[in-house]
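Below: one structure, written as structure tokens.
Nothing in this text is a laboratory measurement; each read-out follows from the coordinates by a stated rule. Note that the structure is a prediction, hence the values are computed from the model and not measured. Reconstructed Cβ throughout: ideal geometry from the backbone, glycine too, with neighbour counts over all protein chains shown.
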Amino acid sequence: MFERLRSVFTRGATSAADRSIATATQLSQWAKGQGWSFAFQGEPAQFHLGGVAAGQPWRMESGAPARDYIHGTELRARADLRVAPEVALMVISRSLKEELEGRVYGAITDTMQTAVDDSLPQEMRWLAIYEELRWPELPTSFLRLFAVVGDRTDDAQRWVNAALVSHLLMERVPAERVQAPLLLMLGDGKVALRMQTAARHLPDLQYATALLTTAATVAAQNLPLCGDSQPDTLPPG
């Protein structure tokens, strides 16, 4: 009897997982329904889509990972903004922050470097340069999963506001997705997103596009724009 029950629950779990993996037609219809462009790039896991947020274009790609800390499929996205280029902020999944900080320390000690240079990816350089930022309004549930890194707490509070925190904490299924690497960066007037996913996993695409467009909109509304007066705090490179 227990074996029969186990097979029923296993089939149910598998069916739910299968429903999360969209076909090419389903992805195209979903993107079209949002008013976005969509195109495959030769492989089932490789495609791109794009739209507009805060009056500026954004583009998201699915494909092979460009970073070795991401496994399976990577979602990469960028939204061009008119935010002042000196604003430098990053939201990073806490487990990824701890892993990359270990790599930064190892890279510096192994090579006897005394400074961080362009040989390291930008996210690792920022972890070496900037401190984690905290303020009372950040919920404990957020701090367990994510860290905010940057130069100016006031800019961070304007960007990582209730709307962005709410999107970051949106429920992700299956549960292990919550621990998957995620990186959201604001610098050089652009918002960039990297996220580990499974090929054509529609819930992750919905999560990522909502996060990217919210991050872009909040930044455009709340942060200084190009030409606004603000001290130059971003180190060169």
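Please grab the % of Cα pairs in the range 69-217 that end up more than 24 Å from each other. Looking at the range 69-217, the distances longer than 24 Å represent 31 percent of pairs. Across the range 218-226, computed HN-Hα scalar couplings (Karplus, 6.51 cos²θ - 1.76 cosθ + 1.60, θ = phi - 60°) run 5, 4, 5, 7, 10, 10, x, 9, 3 Hz from first to last residue, x flagging Gly and Pro. Residues whose amide H comes within less than 5 Å of that of Phe47, counting only those at least five positions distant or on another chain, are Gln41, Ser62 (H built at 1.01 Å from N in the peptide plane). ³J(HN,Hα) across the range 37-48 via Karplus (A = 6.51, B = -1.76, C = 1.60, θ = phi - 60°), whole Hz, x for Gly/Pro? Here the 3J(HN,Hα) series is 7, 7, 7, 7, 10, x, 10, x, 8, 10, 7, 9 Hz.
Across the range 135-150, coupling constants 3J(HN,Hα) worked out from phi with the 6.51/-1.76/1.60 Karplus curve, θ = phi - 60°, read 8, x, 6, 6, x, 4, 4, 5, 5, 5, 9, 9, 10, 10, 10, x Hz, and Gly and Pro carry x. A simple count of charges around Gly55, restricted to other residues whose Cβ falls under 12 Å of its Cβ and scoring Lys, Arg +1 and Asp, Glu -1, yields 0.
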